Amino acid sequence: MGNYFYDMLPSEEIAQLKYIPTVPEFLTWIEEKWADLPAVSDTNVTYTYSQMCSRIARRRAFLEDCGLSKGDKVAIWEKTSIDAVEMFLAALSAGYIGIILPTGLPEQAVIGCCMKFGVKLLAVRDEFAGKVAAAPCKLVSSSSMADREAPSAAVSKDDPAAIFFTGGTTGAPKGAILPHRALMRGSFNGCFAPGSQLGHHRMVCLLPLSHVFGLVRSTLSAFYTGSLWYPAEDMKATIGKLPVIKPTLLVLVPGLCDILYGLTRMYGPQFLGGELKTIIAGAANVPPRLISEFDKLGIALLAGYGMTEGANLTSGNKDVKDKPTSVGKIYPEQEVKIVDGEIWFRGDNVFLGYYGDPEATSATLTEDGWVRTGDLGRLDEEGYLYITGRIKNIIVLANGENVSPEEIEEPFYKCAALKDCLVKEVDSDGEKVIGIEIFPQMPAFEGKPWEQVEAFFNDLVNKVNAELPSTHRIQKVIVRHEDFKRTGSLKVSRNQN
């Protein structure tokens, strides 16, 4: 299975890459390997890898002067910025545990997080500082750094490195503790994509750093490969700069893919800069429609699968044309098995547990290191993984049979005229039946009466029903005029009430 990923890169690049198990070792490695290459830029100022690592060392010295001890929690409440990523890496390389808080959190929630996780220091963007003056910890500016540099601390690969928020397998927000080995394994896995990857990519981080996908694949993997990283402090403004930045690789959720594709329809393919060749997409189902549309633009939209508890990257798919509904093969040094339909995985990418929640930890992490994902799936005969649903979303029919709504939704996403859909249990004349809500790709029906739109999708439902067991068939159809309510990662929320 490992050759699937190693064969993506030129052999001379494979020879240069190695898995580095801790953040301090990683910073030493990228400073030596990529020294004079540009590392980070906000389009006004650009720092090389040497300069960035020097700035991180000065931030380490600042944190050291704050009287922190190894293992203390350092939280960061900042926009996606150079300050945020440098302060995070400074904290981890100094032996502290980093927590990047979502910028959208209300100030009382930020204060509550500091209390819950025992945060000793909160690094805050200057414009946010007045909102959290009551936080029970030391407050500092996220731009802080000392006049001197401090060396990295000695840390073990199994030491906790960071805490990320996750719904886990129950939907309740928890703090997943990632050790250095997991964070760095996820970052190493992110180096693999078809073609040359080292020393030339321009990547724009459009995902929040508080999300493991944004921090690992969109940021640390960029540094691993010597890429130039642009933060999106302001999403709208940064998207408007894409023609100038000319990104060569982007890491996105499918909802953002849809937005960017819509902008290319309005302004032409050059809106993306003209040099974009690859998009890595995850955190939600990637519709085959989008894979096909980006392929027409000469852009490979590659799907993958992962979760916070596994440092984000468990599988990746470069063969989306042949296997458009698969999330690919399993990354090296990991194991995956299907237990009663549920995906389990283990490896050095596995988390340590949920902070302060031993009950949730034992429900997710087995004694021999397997993570119960809560995702339903299957492996085909060639080793490609498919996600077929979530255990918590299962619909129990009147006859006691279990139905995965995501499995019923899958054939609908093959329709280019459909943007999104949602299968769920609904009431019909006092009985519980399977229903579907559909949101069309509106440009596909421009100038057509609504009755014709509804007729098109009712016909589509009839075609899909013909391929389903009688107990699984859709009995109620709603075609929506407005988009679905969505989650923070732009997935369709299963709670539309």
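Annotations
- Qualifying positions in segment 10-27 - in a helix (DSSP H, G or I) and either open to solvent by less than 50 Å² (accessible area, probe 1.4 Å) or among the aliphatic types (A, V, I, L, M) (or both): Glu13, Ile14, Val23, Pro24, Phe26, Leu27
- Just so you know, in segment 277-307 the residues that are of a type in the set (Lys, Arg) and surrounded by fewer than 19 Cβ atoms within 10 Å (Cβ to Cβ) include one that is nearest to Lys329 (Cα to Cα), and it is Lys277.
- In segment 142-154, the qualifying residues are those that are open to solvent by 30 Å² or more (accessible area, probe 1.4 Å) and in contact with a helix residue (DSSP H, G or I) (Cβ under 6 Å, 6 or more places away or on another chain), and the one that is nearest to Tyr96 (Cα to Cα) is Ser152.
- Residue that is surrounded by the fewest Cβ atoms within 10 Å (Cβ to Cβ) [pool: residues in segment 382-439 that are among the basic types (Lys, Arg) and not in a strand (DSSP E or B)]: Lys392
- Considering segment 464-482, the residues that are exposed (fewer than 10 other Cβ atoms within 10 Å of the Cβ) and over 19 Å from Phe439 (Cβ atoms) include one that is modelled with the highest pLDDT, namely Ala466.
- Pro106 being at pLDDT below 90 and not small (Gly, Ala, Ser): yes
- Of all residues in segment 28-49, those being out of contact with any Asp or Glu (no Cβ under 7 Å at 6 or more places or on another chain), touching a residue at least 40 places away in the same chain (Cβ under 8 Å) and assigned to a helix (DSSP H, G or I) number 3.
- Listed by first and then second residue, the pairs linking a residue in segment 337-354 that is among the polar types (S, T, N, Q) to a residue that is crowded, with 21+ Cβ neighbours inside 10 Å and part of a loop (DSSP other than H, G, I, E, B), with Cβ atoms under 9 Å apart and 6 or more places separating them unless they lie on different chains, are Asn349/Gly306; Asn349/Ala311; Asn349/Asn312; Asn349/Leu313; Asn349/Thr314; Asn349/Tyr331.
- Tallying residues that are assigned to a helix (DSSP H, G or I) and either within 24 Å of Lys323 (Cα to Cα) or at pLDDT below 90 (or both) within segment 440-462 yields 5.
- In segment 213-230, the residues that are under 13 Å from Leu183 (Cβ atoms) and β-branched (Val, Ile, Thr) reach residues that are assigned to a strand (DSSP E or B) and open to solvent by less than 10 Å² (accessible area, probe 1.4 Å) with C-beta atoms within less than 6 angstrom, at least six apart or across chains, in these pairs: Thr219/Cys205.
- Going through (1) in contact (Cβ under 8 Å) with a residue 40 or more places away in the chain; (2) more than 32 Å from the chain's Cα centre (by Cα); (3) closer than 21 Å to Leu290 by Cβ one by one, Ile438 falls short only on (2).
- Checked against (1) in contact (Cβ under 8 Å) with a residue 24 or more places away in the chain; (2) open to solvent by 20 Å² or more (accessible area, probe 1.4 Å); (3) farther than 14 Å from Arg125 by Cα, Gly95 passes all but a single condition, namely (2).
- Tabulated pairs, segment 475-497, first within 19 Å of Glu425 (Cα to Cα), second open to solvent by 50 Å² or more (accessible area, probe 1.4 Å) and polar (S, T, N, Q), C-beta under 7 angstrom, 6+ apart or interchain: Val477/Asn458; Ser493/Thr487
- Which numbered condition Gly377 misses (of (1) farther than 28 Å from Lys296 by Cα; (2) open to solvent by less than 80 Å² (accessible area, probe 1.4 Å); (3) not in a strand (DSSP E or B)): (3)
- All positions within segment 323-364 that are within 23 Å of Asn189 (Cβ to Cβ), in contact with a helix residue (DSSP H, G or I) (Cβ under 9 Å, 6 or more places away or on another chain), of a type outside the set (Ser, Thr, Tyr) and assigned to a loop (DSSP other than H, G, I, E, B): Pro324, Pro332, Glu333, Asp348, Asn349, Val350, Phe351, Leu352
- Given (1) surrounded by fewer than 23 Cβ atoms within 10 Å (Cβ to Cβ); (2) touching an Asp or Glu at 6+ places or on another chain (Cβ under 9 Å); (3) assigned to a loop (DSSP other than H, G, I, E, B), number of the condition Asp368 does not satisfy: (2)
- Qualifying residues in segment 318-362 (those that are open to solvent by 60 Å² or more (accessible area, probe 1.4 Å) and hydrophobic (A, V, I, L, M, F, W, C)) - the one farthest from Ala300 (Cα to Cα): Leu352
- Here Glu333 clears all of (1) on the phi < 0 side of the Ramachandran plot; (2) under 23 Å from the mean Cα position of the chain (by Cα) except the condition numbered (1).
- Checked across segment 193-212, the condition of being over 27 Å from Thr28 (Cβ atoms) and open to solvent by less than 10 Å² (accessible area, probe 1.4 Å) holds for at least one residue.
- Within segment 229-247, the set of residues being within 28 Å of Pro24 (Cβ to Cβ), touching a strand residue (DSSP E or B) at 6+ places or on another chain (Cβ under 9 Å) and open to solvent by 20 Å² or more (accessible area, probe 1.4 Å) comprises just one member, Tyr230.
The values are calculated or read from the model by the stated rules, or taken from the named source; none is laboratory data. It should be emphasised that the depicted structure is a prediction, and the values quoted were computed from it without experimental measurement. Glycine also receives a Cβ, built like all others from the backbone with ideal geometry; neighbour counts cover every protein chain displayed. We work out accessible area using only protein heavy atoms, side chains counted, and drop any ligands, DNA or RNA first. Shrake-Rupley method; radii C 1.70, N 1.55, O 1.52, S 1.80 Å.
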